[in-house]
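To start, the structure under review is shown below, and the notes come after it.
The values are calculated or read from the model by the stated rules, or taken from the named source; none is laboratory data. For clarity, every value in this text was computed on a predicted model and none was experimentally measured. Because the Cβ atoms are built from the backbone with ideal geometry, glycine has one as well, and the counts that use them run over all protein chains shown. What goes into the accessible areas is simple: the full protein's heavy atoms, side chains included, and nothing from ligands, DNA or RNA. Shrake-Rupley method; radii C 1.70, N 1.55, O 1.52, S 1.80 Å.
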Amino acid sequence: MSLIRLYTDGSCNVYQKTNATGSGGWAYIFESDNLMVYDSGRIVECQPHTAELLAVIKAFRFASEHLEGRQVELITDNQGNKGQLDRVRREGHLKEAKPEDVNSWDEVSELIQSFELVNVRWEKRNSHPLLELCDRMAYTESRVQTYSVETHVRVLSAEEFNKSKRGNKPI
């Protein structure tokens, strides 16, 4: 039985020591045998830990939908997530989770139960090419801006167009 590797990262547009929120992004890469799948997304308003946690949830959801019962190794550059995941794996829940994260950690607990073995490995930021790719995807998602552009379009017939800016020259 081959090992599934999940690389995860999150990014948020606020300084980690504050309680402020900002736009964020999450990303994961799923690697198994000769298959590699990646996904990322944007969070309109979040804190840094929320983006990191959502990346973990999305990765485990994908893996559990496609390859239940396998051995999984989660690779993260977030030491907080590593410690909390190790506790969830051992105890089945996380007692000291932030109130807004309790449901998310409960979901992580349920998701990891569908695998034979879950190992969590911490790697230094950008020390692995796939972690670096996750970092770039999450960062890019966190910086995406949604714009509303009002456009006024007037449809011209060929005859009207010819008479307007081009003078009487045919198209």
Would you be able to say whether some residue in region 74-91 is within 18 Å of residue 139 (Cα to Cα), touching a Pro at 6+ places or on another chain (Cβ under 6 Å) and either open to solvent by less than 50 Å² (accessible area, probe 1.4 Å) or at pLDDT 80 or above (or both)?
no
Go through region 53-89 residue by residue and tally those that are farther than 20 Å from residue 126 by Cβ and not in a helix (DSSP H, G or I).
6
What number of residues within region 13-40 are modelled with pLDDT of 85 or more and crowded, with 17+ Cβ neighbours inside 10 Å?
9
Expected output for region 33-48 (first residue at positive phi and polar (S, T, N, Q), partner in a loop (DSSP other than H, G, I, E, B) and modelled with pLDDT of 85 or more, Cβ below 7 Å, 6+ apart or cross-chain) is none
Examine region 161-168 for a residue that is of a type outside the set (D, E, K, R), modelled with pLDDT of 85 or more and surrounded by 15 or more Cβ atoms within 10 Å (Cβ to Cβ), and state whether such a residue exists.
no
